[in-house]
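**Q** Got a structure here, written out as structure tokens. Questions coming.
The values are calculated or read from the model by the stated rules, or taken from the named source; none is laboratory data. On a predicted model such as this, the values are computed, not experimentally measured, just so you know. Quick reminder, even Gly has a Cβ in these numbers, built from the backbone with ideal geometry, and neighbours come from all protein chains shown. Just so you know, the surface numbers come from the protein's heavy atoms only, side chains and all, with ligands and any DNA or RNA stripped out. Shrake-Rupley method; radii C 1.70, N 1.55, O 1.52, S 1.80 Å.
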Amino acid sequence: MKRVFPVLLLLVIYHHQIYSQSYTVIDSLKKEPISYATISFGNGNGLFADIDGVFKFSKERYKDIDSLYISSLGYKNLTVSTDKLPKNILLSQDVDQLQEVVIQAENLGKYKVKKQNSKIHNDYFRCWLPTVESEIAVFVPRSPSKPTKITSVYLPVKMETSNNSGKKQSFSTLFKMQFYKNDDGYPGKRISGEDIIFRITNKDKPNFELDISEYKVFIPKEGVFISIQVLGYTDKEGKLQHTKKYHEIETRKGIVKISTTFRPLLPFTDKIEENITFTRRVFFKNRTWQRFDKKYSTANNLIKTNHMNYGIGIKTREYEKSN
């Protein structure tokens, strides 16, 4: 019996090593890590690198994946075979994307502060369940003649309570916010700029305020789409954890990967008349946006009850000086 424990210990260590192979996405010129790069598996699944450009992958965990598709804003997409996966994955800068960055001067004189309230409720069954696969975008218009800067975005979130205790369940979740041009009523090309990475925990308020004033986000004349997507849970210091993003369920047709849902939940509302909310799968190659309405699905419970919009709010500075 004394020999059994060392053997079992070695097996546990070996098993842990198999599931803990780390890779780093790096800028080929600067030799610096690329934070939060997207790692697509080519089958609609995937994950994200952390702030240090590190992600974990193993053939033992994802036996059906033979290629990874690596992407990040400002870089050319890269396809890498999982049979020859280097520890350092180099991405080349995309000059065309980098040239699109536009810095708008903020010294525009007098302005009025305006606020559009978010739509909050506490109904679990009227909430979107966030996964790393989905990105949600909401359209925001602007005054056609006045430069308008977004200083804060208000995100409705639902904090769940533990069974019979009344206490909020503990979580710490990392999100990414992005902005897209209005392309004939649909989210178009992403507006270049720094990724806005933020964290929501169970200690935050249901009307979560994200201050983005330092990013100098101005709404184009045609309006803008504001999007959020989950990156995953974090540790106590706020660093993205390398946890598995899918549950494997055995069915008659084989093993099916079911996306993990993350907290907080996102309350959807029926208080907005127009369908201004869109969603897409972030790990598919075409990444096509779909309007979240009855054409999207007839079986979705949110759509059945007309809860078809994510009711974000914003605080803005509307400048008197015209463009």
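**Q** For residues that are assigned to a loop (DSSP other than H, G, I, E, B) and in contact with a strand residue (DSSP E or B) (Cβ under 9 Å, 6 or more places away or on another chain), tally how many sit in segment 245-260.
**A** So the answer is 2.
**Q** With open to solvent by less than 60 Å² (accessible area, probe 1.4 Å), farther than 20 Å from ASP123 by Cβ and of a type in the set (Phe, Trp, Tyr) as the only criterion, which of PHE171, PHE198 stands out?
**A** The match here is PHE198.
**Q** Can you tell me which residue in segment 61-81 is nearest to PHE283 (Cα to Cα), limited to those that are open to solvent by less than 10 Å² (accessible area, probe 1.4 Å) and in contact with a Leu (Cβ under 6 Å, 6 or more places away or on another chain)?
**A** ILE70
**Q** Could you please find all residues in segment 50-60 being more than 19 Å from PRO130 (Cβ to Cβ), open to solvent by less than 50 Å² (accessible area, probe 1.4 Å), in a loop (DSSP other than H, G, I, E, B) and not polar (S, T, N, Q)?
**A** Answer for segment 50-60, where residues must be more than 19 Å from PRO130 (Cβ to Cβ), open to solvent by less than 50 Å² (accessible area, probe 1.4 Å), in a loop (DSSP other than H, G, I, E, B) and not polar (S, T, N, Q): GLY53, PHE57.
**Q** In segment 295-323, what residues are loosely packed, with under 14 Cβ neighbours inside 10 Å and in contact (Cβ under 8 Å) with a residue 12 or more places away in the chain?
**A** ASN301, THR305, GLU320, LYS321, SER322, ASN323
**Q** Something else about it: On the basis of being at pLDDT below 85 and among the basic types (Lys, Arg), does LYS285 make the cut? Spell out how you get there, then give the answer.
**A** Details: at pLDDT below 85: yes; among the basic types (Lys, Arg): yes.
Yes, satisfied.
**Q** Follow-up. Cβ-Cβ under 7 Å, sequence separation 6+ or interchain: first residue in segment 268-293 and without any contact (Cβ under 8 Å) to a residue 60 or more places away in the chain and more than 26 Å from ASN207 (Cβ to Cβ), partner open to solvent by less than 80 Å² (accessible area, probe 1.4 Å) and outside any strand (DSSP E or B). Which pairs?
**A** Within 7 Å, the pairs are GLN290/TYR296.
**Q** What do you reckon, is ASP195 more than 22 Å from GLY311 (Cβ to Cβ), of a type in the set (Asp, Glu) and touching a residue at least 60 places away in the same chain (Cβ under 8 Å)? Reasoning before the result, please.
**A** Details: more than 22 Å from GLY311 (Cβ to Cβ): yes; of a type in the set (Asp, Glu): yes; touching a residue at least 60 places away in the same chain (Cβ under 8 Å): yes.
Yes: the conditions hold for ASP195.
**Q** How many residues does segment 275-294 hold that are open to solvent by 30 Å² or more (accessible area, probe 1.4 Å), out of contact with any Lys or Arg (no Cβ under 8 Å at 6 or more places or on another chain) and under 19 Å from PHE41 (Cα atoms)?
**A** Qualifying residue count for the region: 3.
**Q** Just the residues that are farther than 30 Å from SER145 by Cα, modelled with pLDDT under 95 and surrounded by 12 or more Cβ atoms within 10 Å (Cβ to Cβ), please, taken from segment 85-108.
**A** Within segment 85-108, LEU85, GLN93, ASP94 qualify.
**Q** Is it true that SER213 is open to solvent by 20 Å² or more (accessible area, probe 1.4 Å), at pLDDT below 90 and either within 20 Å of the chain's Cα centre (by Cα) or under 18 Å from LYS315 (Cα atoms) (or both)?
**A** no
**Q** Of everything in segment 109-149, what is of a type in the set (Asp, Glu) and either open to solvent by 20 Å² or more (accessible area, probe 1.4 Å) or in a loop (DSSP other than H, G, I, E, B) (or both)? Give them in sequence order.
**A** Correct list: ASP123, GLU133.
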